[in-house]
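Participant: Here it is, the structure, as structure tokens.
The values are calculated or read from the model by the stated rules, or taken from the named source; none is laboratory data. Here the structure is a predicted model, which is why all the values come from computation and not from measurement. For neighbour counting, all protein chains shown are included, and Cβ atoms are generated from backbone atoms with ideal geometry for every residue, glycine included. Heads up: the accessible areas ignore ligands, DNA and RNA and are worked out on the full protein's heavy atoms, side chains in. Shrake-Rupley method; radii C 1.70, N 1.55, O 1.52, S 1.80 Å.
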Amino acid sequence: MAETKTTVQTPEEAAQATEKDLFAHRISIDLTPDNAKFTKSSGGLISLEVTQPDGKVEFFERIVPVRAFPISSPEEFISIRQPDTRMGGRGDEIGMIRRLSDFRVPSAGEAAALIEDELGRRYFTPAIRKIHSFSEKFGYCYWDVTTSAGRVEFIMSNPASSIRTLEDGRVFMYDIDGNCFTIEDPAKLDKSSYKKVEIYL
Amino acid sequence: MKLLFDLSPADKAAFDAAAGEDERILYCLPFDIEFQTRVDGRMVFTNKSIYKINEGKLEAKWDFSRLSDFTVETLYGCCAFFGKVDGVSTRLCRFISGRNMPRYAIMVDACEELAKGNAGKVFSSSEPERYCQKCGRPFVMHTHICPFCQSKSETYKRLWGMTKGLRLMMLFPLLTAVLSLGIQYVVPVLQKILINEYIVRVNPEPFEENWKLHMLLIVGGIIGFSVISQILGIVQSRVAAVSGNRFTRFLRTLLFEKVQMLSMSSVQKKSTGDLMGRINNDVSVVQNFMTNLLPSYFGQIVSFVLGLVLVLTLDAKQGTHMSLFIFLPIPFVILFILAFRRMMRRLNIKSWQKGRRTNQTLQDLLSGIRVIKTYGREKAAVDEFTDCTAQQARQNEKNAKLFDTVFPLLGFALRSGSYLIMWYGNVQLFNGTLGVGELNQFNSYASILYAPLMQITTIPRNISAFTTSFGKVMEILEEEPEVSDIAKPQHFTLKGNVSVKHVTFGYESSNPVLRDVSLDVKAGEMIGIVGHSGCGKSTLINLIMRMYDPTEGSIEIDGVNLKEIGQQSLRSQMGVVLQETHLFSGSVRDNIRYAMPYATDDEVIRAARAANAHDFIMNLPQGYNTIVGEKGYSLSGGERQRVAIARALIHNPPILILDEATAALDTETEKQIQDAIDQLTTNRTTFAIAHRLSTLRNADKILVIDHGHIAEFGTHLELLNQRGIYYKLVMAQTRAALEK
């Protein structure tokens, strides 16, 4: 097993650590094309070079973009974080992008496209285009659907609580594996598909 | 849990083309997602490399010599497996969450070993699958039963075994059902004679001498038979009530006994609600099926077959084609009923959903009424609720209107057979080929034949509900306790030397909570255990109490392995105070002497005094006899906790466990309890978990657990000098205290 980095320090190190260091937290900053340079790493992920307000330059080999409002405003308030470490909790926030469109300027390079692509991999919510069959057996619901990600069969435990309709009419369906499927506009489904899902809306 | 999936021939070919001579496939897992598309690819792990293969194409190959730092991350709607290639983070693959996450979690460990060049240790997982290995469908919630694959005959065999002692009683309803059916069929015969002989009088000859007596006999017979059938009905219901209730009582007791016998780990995997559901609802479903539905179905089937035979023979004798008219409408009627049921179900679900929403909104708004009032949002709350009720009312109105239209139509459809018979019978009657009596008989039989049709459509649904419930009940009955006593458990009188030797443990094997923990505690020492929540403190305590057995390593008390000590003997020598104390309904005295029901009042008072509880108990209206618990006098958190301490002390245990016993209390109360605890811990091995470090000021040694490892272990002073986690915690709490 690889050495996992814990907060345990050697006595010599700890002796030098002042109380201030012990309680120091990273301060999140607003990221703009001026202080943040996103590049594609050789591993296909995103690296970030950020200039802190005090002029210090930090480099992160890999960052993770996370949406603050994945449903209501997926293009705004994108948190740029350090990845989760294996044993510890969520990585710290490096900074936040107010609007992704801020980075759609020539000076930002391919930053917006990179982040969009990474977000596309992080949020995997295929849209349902057609419902082929729906049946309820032994306490589970079996769905056979065509989605934007291809044809999928999935299983739902309790449709009454696993199907959620948002105020704007979008429908989210969660299966027992933790997958999420959406229906952008149920009214636009074909008639036989709509009939299958209608009673749960 | 399966870690070696099959490769399709195309994938296998791709792998063979890329792999070297001396490579062995160790693990093979599926990956499901490629950018925005679902795929069915395989990740192949050999002793040298990882291969990513999709649709017969090798997409990537990484050698373990270049890989390090494996992790899995849960994203949204999918998960991803990461590693560092030459020190650069790389996403190796993505997969859908539920099914594969535990497998990849094990693969992280396995890959770390392989990257170290250590291919000898092959990881496996004892964690049970949550999906049927045969058909891939999920098991019934919280069980390992696949309703599609479980053998039906096996189910019925086991069920038969459980009806021992009740069989005669359960046979009775079947007998009475057949008898009352027989009567149903005899009565129309008598009616026929009555009509033909006396009412319509087909026979031109004069009445016999004793015709009055004859008629009386027939009329008496008709009345007598209906009286008998009523009596049979009464007897049957009474017997069914007895056998049903006995069956329920028997099954429930059996189930409850078993639940109590199961080890902590099996019980903890199931929620209280789930267990209650199984003991209450599932048993009821099984009982209802066994004692009500089954005889009723049996009766219906017998009735149908009997009616069929009778009608056909009657028809053959008469030479008419009446039976044709009885059977002709049956398929239509069944279709009609099926269609109607489906529609009814849809509408009922809709209205149930609306009702549920209203209930949820109501509960939400009522329990939050203080918040609503403080923010002045009454109007919005009223609007929200009105909207729900309006929707519900609309749906119910719609349903009621529709049902009231369709029900009469359904009745008409059911009777349509009779109308046909009437018409055809009357034609025959006029032709003189059929008597009025026979016509009446046919008509009666037709209605008997139609009656079961309404029920037949419900049979599949009821049978599936029954098999599911029965499976859930049986699963508990057949479960083996994971922590079990050895053949001849010994009783030891413990002194309290505890040593934990290289213990590794996880509730799920893919995710160890404790890793290689070793610890030696001398009798009489007090050990304070600190660490972040979820770091494994309570787990360590659970292992010492032997609620679970360690996956690896062992725990010894006074040099004896825990497994050799009888569980009963072990727990009777431990006192436990948990953060949340459960007081059972009963008096304070009963609660204190819970672990020792025959303790004298003297001992009860002594324990209460030691726990600093005596004074407040004396202030209760009925002293030690005051009823507490669910419906009794409500004690404050600190008082409950002191009762719990008294309970833990009454049998003077050599080992005492305090699992955040003071965490939920205010500082003042904590002080009082602290005083009580200080008295207790002398001459007792004590393990105390605490967030508030002041609780541990008397601890002989402090144990700091971090992410399942022992991070620091030593006296208060030693740890402060180390300036590690403990130092940081102390500083944080002192600073917080100073700021106050």
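Participant: A:Ile176 - would you say it is within 13 Å of chain B (Cβ to nearest Cβ), over 15 Å from B:Arg38 (Cα atoms) and touching a helix residue (DSSP H, G or I) at 6+ places or on another chain (Cβ under 9 Å)?
Facilitator: Considered against the rule, which asks whether it is within 13 Å of chain B (Cβ to nearest Cβ), over 15 Å from B:Arg38 (Cα atoms) and touching a helix residue (DSSP H, G or I) at 6+ places or on another chain (Cβ under 9 Å), A:Ile176 comes out as yes.
Participant: Answer yes or no as to whether B:Leu338 is over 30 Å from A:Glu167 (Cβ atoms) and within 35 Å of the chain's Cα centre (by Cα).
Facilitator: yes
Participant: Tell me, please, whether a residue that is open to solvent by 60 Å² or more (accessible area, probe 1.4 Å) and not β-branched (Val, Ile, Thr) can be found in segment B:517-527.
Facilitator: Yes, that holds for at least one residue.
Participant: Turning to a different aspect of this structure: I'm told A:Lys130 meets every condition in (1) more than 30 Å from B:Leu92 (Cα to Cα); (2) not in a strand (DSSP E or B) except one. Can you identify the failing condition by its number?
Facilitator: It fails just one condition, (2).
Participant: Right, next: I'm checking my understanding of the structure. Among residues of segment A:144-169 that are closer than 21 Å to B:Tyr131 by Cβ and assigned to a loop (DSSP other than H, G, I, E, B), which one is nearest to the other protein chains (Cβ to nearest Cβ)?
Facilitator: Among those that are closer than 21 Å to B:Tyr131 by Cβ and assigned to a loop (DSSP other than H, G, I, E, B), it is A:Ala149.
Participant: If the Cβ limit is 9 Å and pairs must be 6+ apart or interchain, which residue in segment B:322-342 that is more than 22 Å from B:Phe442 (Cβ to Cβ) pairs with which residue that is open to solvent by 70 Å² or more (accessible area, probe 1.4 Å) and among the β-branched types (Val, Ile, Thr)?
Facilitator: Hits for this filter: B:Ile337/B:Ile456.
Participant: Look through B:Lys472, B:Lys501 and report the one residue that is of a type in the set (D, E, K, R) and without any contact (Cβ under 8 Å) to a residue 60 or more places away in the chain.
Facilitator: B:Lys501
Participant: For residues that are within 14 Å of chain B (Cβ to nearest Cβ) and of a type in the set (Lys, Arg), tally how many sit in segment A:100-143.
Facilitator: 4
Participant: So B:Asn426 fits all but one of (1) under 38 Å from the mean Cα position of the chain (by Cα); (2) modelled with pLDDT of 75 or more; what number is the exception?
Facilitator: (1)
Participant: Which numbered condition trips up B:Gly368, out of (1) open to solvent by 30 Å² or more (accessible area, probe 1.4 Å); (2) out of contact with any helix residue (DSSP H, G or I) (no Cβ under 8 Å at 6 or more places or on another chain)?
Facilitator: Result: B:Gly368 passes all but (1).
Participant: Looking at this structure, is B:Ile702 touching a residue at least 12 places away in the same chain (Cβ under 8 Å) and assigned to a strand (DSSP E or B)?
Facilitator: Judged against the criteria, B:Ile702 is a match.
Participant: Tell me which residues, restricted to segment B:27-47, are open to solvent by less than 60 Å² (accessible area, probe 1.4 Å) and either of a type in the set (Phe, Trp, Tyr) or under 15 Å from B:Trp62 (Cα atoms) (or both).
Facilitator: B:Tyr27, B:Cys28, B:Phe31, B:Arg42, B:Met43, B:Val44, B:Phe45, B:Thr46, B:Asn47
Participant: Could you check, for segment B:345-354, whether at least one of its residues is more than 14 Å from chain A (Cβ to nearest Cβ) and either in contact with a Leu (Cβ under 8 Å, 6 or more places away or on another chain) or under 27 Å from B:Ala177 (Cα atoms) (or both)?
Facilitator: no
Participant: Being under 17 Å from B:Asn47 (Cβ atoms) and of a type in the set (D, E, K, R) is the filter here; which residues of segment B:78-114 pass it?
Facilitator: B:Asp109, B:Glu112, B:Glu113
Participant: Going through segment B:535-546 one residue at a time, which ones are at pLDDT 85 or above and either hydrophobic (A, V, I, L, M, F, W, C) or in a strand (DSSP E or B) (or both)?
Facilitator: Listed by number, the residues that qualify are B:Leu540, B:Ile541, B:Leu543, B:Ile544, B:Met545.
Participant: Listed residues A:Ile71, A:Ile80; which is over 17 Å from A:Cys180 (Cβ atoms) and either part of a loop (DSSP other than H, G, I, E, B) or more than 8 Å from chain B (Cβ to nearest Cβ) (or both)?
Facilitator: A:Ile80 is the lone residue from the list that is over 17 Å from A:Cys180 (Cβ atoms) and either part of a loop (DSSP other than H, G, I, E, B) or more than 8 Å from chain B (Cβ to nearest Cβ) (or both).
Participant: Taking the condition in contact with a Leu (Cβ under 7 Å, 6 or more places away or on another chain) and more than 14 Å from chain A (Cβ to nearest Cβ), does B:Gly708 pass?
Facilitator: no
Participant: What residue, of B:Ala648, B:Ala661, B:Ala644, B:Ala688, is in a strand (DSSP E or B) and under 17 Å from B:Thr581 (Cβ atoms)?
Facilitator: B:Ala688
Participant: Right, something else. When you check B:Thr685 against the structure, is it open to solvent by less than 20 Å² (accessible area, probe 1.4 Å), hydroxyl-bearing (Ser, Thr, Tyr) and touching a strand residue (DSSP E or B) at 6+ places or on another chain (Cβ under 8 Å), yes or no?
Facilitator: For B:Thr685, the condition - open to solvent by less than 20 Å² (accessible area, probe 1.4 Å), hydroxyl-bearing (Ser, Thr, Tyr) and touching a strand residue (DSSP E or B) at 6+ places or on another chain (Cβ under 8 Å) - is met.
Participant: Now for a separate question. If you scan segment B:538-547, which residues turn out to be open to solvent by 10 Å² or more (accessible area, probe 1.4 Å) and of a type outside the set (S, T, N, Q)?
Facilitator: Those that are open to solvent by 10 Å² or more (accessible area, probe 1.4 Å) and of a type outside the set (S, T, N, Q): B:Met545, B:Met547.
Participant: Could you count how many residues in segment A:45-63 are part of a loop (DSSP other than H, G, I, E, B), in contact (Cβ under 8 Å) with a residue 24 or more places away in the chain and under 18 Å from the mean Cα position of the chain (by Cα)?
Facilitator: Of the residues in that region, 2 qualify.
Participant: If only one of B:Pro295, B:Pro329 is in contact with a Pro (Cβ under 6 Å, 6 or more places away or on another chain) and open to solvent by less than 30 Å² (accessible area, probe 1.4 Å), which one is it?
Facilitator: Checking each option against the conditions leaves just B:Pro295.
Participant: Which residue is most open to solvent (accessible area, probe 1.4 Å), if the candidates are limited to segment B:688-734 and must be farther than 17 Å from B:Thr662 by Cβ and among the basic types (Lys, Arg)?
Facilitator: Taking the candidates together, the pick is B:Arg723.
Participant: In addition: Could you grab me the full set of residues in segment A:148-171 that are in contact with a Lys or Arg (Cβ under 9 Å, 6 or more places away or on another chain) and open to solvent by less than 10 Å² (accessible area, probe 1.4 Å)?
Facilitator: A:Ala149, A:Val152, A:Val171 - these are the residues of segment A:148-171 that are in contact with a Lys or Arg (Cβ under 9 Å, 6 or more places away or on another chain) and open to solvent by less than 10 Å² (accessible area, probe 1.4 Å).
Participant: I'm trying to understand the selection: among the residues of segment B:34-60, which are among the basic types (Lys, Arg), more than 29 Å from A:Gly91 (Cα to Cα) and either out of contact with any Asp or Glu (no Cβ under 7 Å at 6 or more places or on another chain) or modelled with pLDDT of 85 or more (or both)?
Facilitator: B:Arg42, B:Lys57
Conditions (1) modelled with pLDDT of 80 or more; (2) assigned to a helix (DSSP H, G or I); (3) hydroxyl-bearing (Ser, Thr, Tyr), marked per residue:
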residue	(1), (2), (3)
B:Asn203	no, no, no
B:Phe207	no, no, no
B:His214	no, yes, no
B:Leu217	yes, yes, no
B:Gly221	yes, yes, no
B:Phe225	yes, yes, no
B:Gln236	yes, yes, no
B:Ala241	yes, yes, no
B:Arg246	yes, yes, no
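Participant: Give me a count of the residues in segment B:614-650 that are at pLDDT 85 or above and among the small types (Gly, Ala, Ser).
Facilitator: The number of residues fulfilling the criteria is 4.
Participant: Further question: What strands (runs of 3 or more DSSP E) lie completely within segment B:25-103 and have 1 or more residues being β-branched (Val, Ile, Thr) and away from chain A (no Cβ under 12 Å)?
Facilitator: Passing ranges, in order: B:25-34, B:37-46, B:49-54.
Participant: Hey, another quick one. When residues of segment B:104-114 are filtered for being aliphatic (A, V, I, L, M) and at the interface with chain A (Cβ under 8 Å from one of its Cβ atoms), how many remain?
Facilitator: 1
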